[in-house]
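The values are calculated or read from the model by the stated rules, or taken from the named source; none is laboratory data. Remember, it's a predicted structure, so these values are computed and weren't measured experimentally. Cβ placement follows ideal geometry from the backbone for every residue including glycine, while neighbour counts extend to all protein chains displayed. With ligands, DNA and RNA removed, areas are computed over all heavy atoms of the protein, side chains included. Shrake-Rupley method; radii C 1.70, N 1.55, O 1.52, S 1.80 Å.
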Amino acid sequence: MKVLEFLQKVKQNEINIEDYLSEIVQKVRKINDEYHYFNSIVENPKPEHKGKLFGLPVSVKDLIITKGIETTASSDILKGFIPKYDATVVERLKNAGAVIIGKTVCDAFGFGSFNLNIGKSFQPPLNPIDKKHVTGGSSGGAGGITQKADFTHVAIATSTGGSIECPSAFCGVYGFCPTYGLVSRYGLISYADSLDKIGIIAKYIEDIKPVLKIIAGHDEKDNTSLSQQVKTKEVECLKVGIVTQALEIVNEEIRKAVEGCIKKIEKHAEIVEVSLQKAMKYGVATYYIIATAEASTNLARYCGLRFGRNEKIESKHFREYFAEIRGKYFSEEEKRRILLGTFVRMAGFKQRYYVKATKIRKLVIEEYKQAFNKADIILTPTMAIFPPKIDEVEKMDIIDIYNSDLLTIPPNLAGVPHITIPVQTNKKFPTSIMLCSNHLTDYWLIDIATKIDKWIK
Amino acid sequence: MTEKAKIGLEVHIQIKTKSKLFCSCPSGKSENNVCPICLGMPGALPTPNKKAIEYAIRLALALNCELAEKIIFWRKCYFYPDLPKNFQITQLEPPLAKNGKLKIGKKIIYIRELHLEEDPASITYPADIHSSRYCIVDHSRSGTPLIELVTEPCFDSAKQCRLFLTKLVAILKCLKIFDESCVLRVDANVSLNGPRVEIKNIGSIKEVERAINYEIIRQKHFAKLGKLKRETRLWDSTSKTTKPMREKETEEEYGYIVEPNISVIEITKEFIEKIKKELPELPDQKAERLIKQYKIKPEFAEILSLDYDLCEIFENIATDISPNLAASFLCTEVAGALNYEELEAKAILDRTEEIKELLEMVEKNKITRKAAKKIVEKLISKKFSVKQFVSTQDMYLVSDEKKLEEICKKVVKENKKAVEDYKNGKEKVLQFFIGTVMKMTNFSADPQLVRKIILRLIENSAN
């Protein structure tokens, strides 16, 4: 049942919320035993307020702070952390009557594309279509439960370089990532603050807008939160921009499926060629430099003193204690990104890496602006590959893993809104197309995407 | 070794805003003033305090600095238990303001830059820093706004540093961005043309002078032994010495990046103009005005201009009392007594009327200035009626020659040796006689008359 229909039924007392929610908890537990989508499930979920989303079950990625519910970022170093406050999005959802049913697993601190980078206290989520395969990451639990749930539910997820888009594509659901600054980040555990966004994963494209309307909007607790209004756009004949280079690098089956979509769209819109040369060439490097530089400073606070893991400290020098805690509870990938990020901002290397990367990001934003002069939206495949098997990922080279974000990184770097739509293929797994549009045209993009979704079905 | 000392200061000034620099917790000492933001909890984000920015601009303008066009905050990254996020939000490039100046007498002190940053938590040790098995981190200070002011290494003595800091505090108080509850912490870089030594954590102006003087002597001594090295030392106010903290081979690595959670803040011309217009009278302007308006001596005008509250008292009584008497009494007797009791003039603002009454009596020759001094020394610790005090303590001026002559005779008689000394040319002895008589009369004797009588008595005494 779609969100609006569900809300209507709740309003008309056709659905008893209490029964519905306790039934959901049962289902979630059962799914979780098999697929591991949740780090924690709320015991007796119930709405705290009356509001526009009254009774709507929502899962929250475990990278977002929830008052009184353990919040771990799927990292061992935060295991046991029970926050005393709510993230702004959680507060807004609760105030609107939505119900938090649990915290979904993700790559630790959002560091990953396959949701296998998790602490030892957690279990990797399994692909809802075939358990031998990954869900994609970092919002793997959010993608998986959205596909697997046979009840009304929306997942709150986050993206820094593709963490909403990748699991949406691998699990065959819709993912939406807003303009940077449209949704408050207050209470989102920072990975790379200048890139982090909170967005939505949903089973039906129509489910995105009602939830976005609740969580979007200026928040004085987030200094980078935008105060401008979202724009609407009047378009006589829709111009859809295609990036040829993006189609050339993807898996053959994926390319065929996406080309099939383009053919169908062509009946309703004008297809134009746009260039995102810089974004395609330098995007991945730029992203990993900026993201790890920021991440390495954000993760400095995890030292066993104020929250999360702590141990007997007496008689130890603080450096020794910090090193011990961080050495023990950070995973290999967390350590890799801390080291990489520390290196690129060190005196002597900073100009060559960090400063240069921030300059290239500006060029990428400029490149998108140019492209949007030619096209209203830009269409690319979301992922170049189908979800790999878990044991295949374990054999993959780290550079290849980082490169798998090639198509999702550009819109994330530019901070433009983007949405992914699942597309059927001739293979076992579906794939996905990604549409992005100019800053602050978020609702318009969702409307256009809803049309396109119909055209390509 | 006769090299001149070369000293530069880094001054950390806590400013008096209602809330902290990046959250809405109350600033300054109070219980429970912590929140997820100043504790550096995961997910909490900083929001800059506009008032703190305005205050810092006020100081920058008062020190004739060039202001930056934009405020950009940075992360300064290092691990330390007092730093909740293990990075400090501070400024790097551009600093809020640079190239300022402040005149100390005839010398100009050049200010390299000033910027805003957050104060870390405070750490206390149950015992000595090196021997304690644990420390206590108190986060109530965490996130308090600080202005860091860096001077060029242009001081050549500890005294000059003290005078600069005194004037700086006077300016801060004038600007109403600082008061007794705010803390000033100073790091001093001291070198005698040799390696540079940084002294950290000096907590008051007096201590700055002590620490630098100590360090100059230590460096001279160690230079002679050939053992002087570049290092960071810690001022220990208990032992009044500097102690080694760490050796400094190279510049520290702070891996600065721009703080991505705070948007760039434009400092508009209109905003600067508005702050400029609201700037109060600053010490130099005040001293000039005092000289012009009250015709008092420049040295008194300077002292008054640097002590906001003392000057308040002065301006309140100078219309009724001779300004020169008021200024000299406040700057010598009152200032001296305050200094002795380690009090600020603010503590005696409510005794302005009493001081005025005292000086009126001095002016009308009802009491001696000595008596006024003795009374004011008491008045500083406790408010009381001075008129009543004068009459119950019998302090009204005595100019009865007969009565005084009796006392003088007694004093001269009891101090034959002193009389001899005077006759042998030790003229200072006269002061001793007068002083003794003053004390015996509870400072009520007319000193001029006593002088006359004593001289006559000595003259007449037999050889």
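A few points about this structure:
- Within the shell of other residues whose beta carbon sits under 9 angstrom from the beta carbon of B:Ile37, the net charge comes to +2, with Lys and Arg scored +1 and Asp and Glu -1.
- Stretchable slack from B:Lys277 to B:Ala127, in nm (0.36 nm times residue separation minus alpha-carbon distance): 49.0 nm
- Estimated dipole of chain A in Debye, rounded to 20 [Cβ of Lys and Arg +1, of Asp and Glu -1, Cα centre]: 620
- Per residue, in Å², the accessible surface of the protein assembly as shown once ligands and nucleic acids are set aside, probe 1.4 Å: 44
- Charged-residue dipole, Cβ positions (Lys, Arg, Asp, Glu), the protein assembly as shown about Cα centre, Debye nearest 20: 2100
- A:Glu248 paired with B:Glu420, simple spin-label distance in nm, labels 7 Å along Cα-to-beta-carbon: 11.8
- Across chain B, Cα pairs under 8 Å and at least six residues apart give a relative contact order of 13 percent.
- Taking only alpha carbon atoms, segment B:1-142 gives an Rg to Rh ratio of 1.03, where Rh is the Kirkwood radius.
- Helix B:308-317 vs. chain B, principal-axis angle (Cα, 0 to 90°, nearest 10): 40
- Area projected by the alpha carbon convex hull of the protein assembly as shown, averaged over all directions, nm²: 49.6
- The modelled label-to-label distance for the pair B:Asp309/A:Ala347, using points 7 Å beyond Cα in the direction of Cβ, is 4.3 nm.
- The calculated FRET efficiency for the pair A:Thr358 and A:Ile399, based on their C-beta separation and a Förster distance of 22 Å, comes to about 0.50.
- Mean separation of Cα contacts under 8 Å (6+ apart) over length of segment B:6-275, as relative contact order %: 24
- For segment A:284-343, the dipole from Cβ point charges (+1 on Lys and Arg, -1 on Asp and Glu) about the Cα centre works out to 120 debye, to the nearest 20.
- Take the convex hull of the alpha carbons in segment B:309-463; its mean projected area over all directions comes to 9.9 nm².
- If R0 equals 30 Å, the separation of the Cβ atoms of B:Asn339 and B:Asn99 corresponds to a calculated FRET efficiency of about 0.30.
- Comparing A:Asn310, A:Leu78, B:Thr151 along the charge dipole axis of the protein assembly as shown, the residue lying farthest to the positive side is B:Thr151, per the Cβ-charge model.
- Point-to-point label distance, B:Thr392-B:Glu353, nm (Cα→Cβ direction, 7 Å offset): 1.8
- Full-stretch length increase - A:Glu220, A:Ala285 - with 0.36 nm per residue and alpha-carbon distance subtracted: 20.1 nm
- Loss of accessible area when B meets A, both sides summed, Å² nearest 100, probe 1.4 Å: 3000
- Taking a span of 15 Å or more along the helix axis (Cα atoms) and a mean Kyte-Doolittle hydropathy of at least -1.0 as the rule, the DSSP H helices of chain A that qualify are A:17-35, A:252-266, A:277-298, A:318-329, A:332-343, A:356-374, A:442-456.
- Computed E for A:Ser227/A:Lys264 - FRET, C-beta separation, R0 35 angstrom, nearest 0.05: 0.35
- Threshold 50 Å² - residues in segment B:253-281 whose accessible area is reduced by that much or more when the chain is no longer isolated, probe 1.4 Å: B:Glu253, B:Ile257, B:Pro260, B:Asn261
- With 29 Å as the limit, the listed pairs B:Lys297/B:Lys364; B:Lys295/B:Lys366; B:Lys159/B:Lys383; B:Lys374/B:Lys410; B:Lys106/B:Lys276; A:Lys61/A:Lys221 have B:Lys159/B:Lys383 beyond it between alpha carbons.
- Spatial extent of chain B: Rg and Dmax, with the Cα atoms as the point set, Å: 27.9, 95
- Violating pairs (Cα-Cα greater than 19 angstrom) within the set A:Lys120/A:Lys335; A:Lys281/A:Lys369; B:Lys18/B:Lys277: B:Lys18/B:Lys277
- Extent along the principal axes, Cα only, for segment B:281-392: 43, 30, 19 Å, with the longest axis given first.
- Threshold 30 Å² - residues in segment A:278-315 whose accessible area is reduced by that much or more when the chain is no longer isolated, probe 1.4 Å: A:Thr297, A:Ala300, A:Arg301, A:Arg306, A:Phe307, A:Glu314, A:Ser315
- Label reach from A:Glu43 (point 7 Å along Cα→C-beta): in segment A:66-83, amide nitrogens under 14 Å belong to A:68-70.
- Taking the three principal axes of the alpha carbon atoms in chain A, the coordinate ranges are 73, 63, 44 Å, sorted in descending order.
- Using C-alpha pairs below 8 Å separated by at least 6 residues, the relative contact order for segment B:317-409 is 30 percent.
- Contact residues in segment B:61-108 (at least 20 Å² less accessible area with all protein chains than alone, 1.4 Å probe): B:Arg75, B:Cys77, B:Phe79, B:Tyr80, B:Pro81, B:Pro84, B:Lys85, B:Asn86, B:Phe87.
- Neighbours of B:Glu344 by Cβ distance under 11 Å: Lys/Arg scored +1, Asp/Glu scored -1, total -4.
- For segment A:393-457 versus segment B:132-202, the gap between their alpha-carbon centres in whole angstrom: 54
- Helix B:269-278 and the longest principal axis of the Cα set of chain B meet at an angle near 20°.
- Carbon/sulfur fraction of accessible area - the protein assembly as shown, other protein chains in place, 1.4 Å, %: 51
- Using alpha-carbon coordinates, inclination of helix B:401-414 to the longest axis of chain B, degrees: 80
- Total formal charge among the other residues, if their Cβ is under 10 angstrom from that of B:Val429, Lys/Arg +1 and Asp/Glu -1: +1
- Compared with the rule-of-thumb size 2.2 N^0.38 Å for a compact globular protein, segment B:413-463 has a Cα radius of gyration ratio of 1.09.
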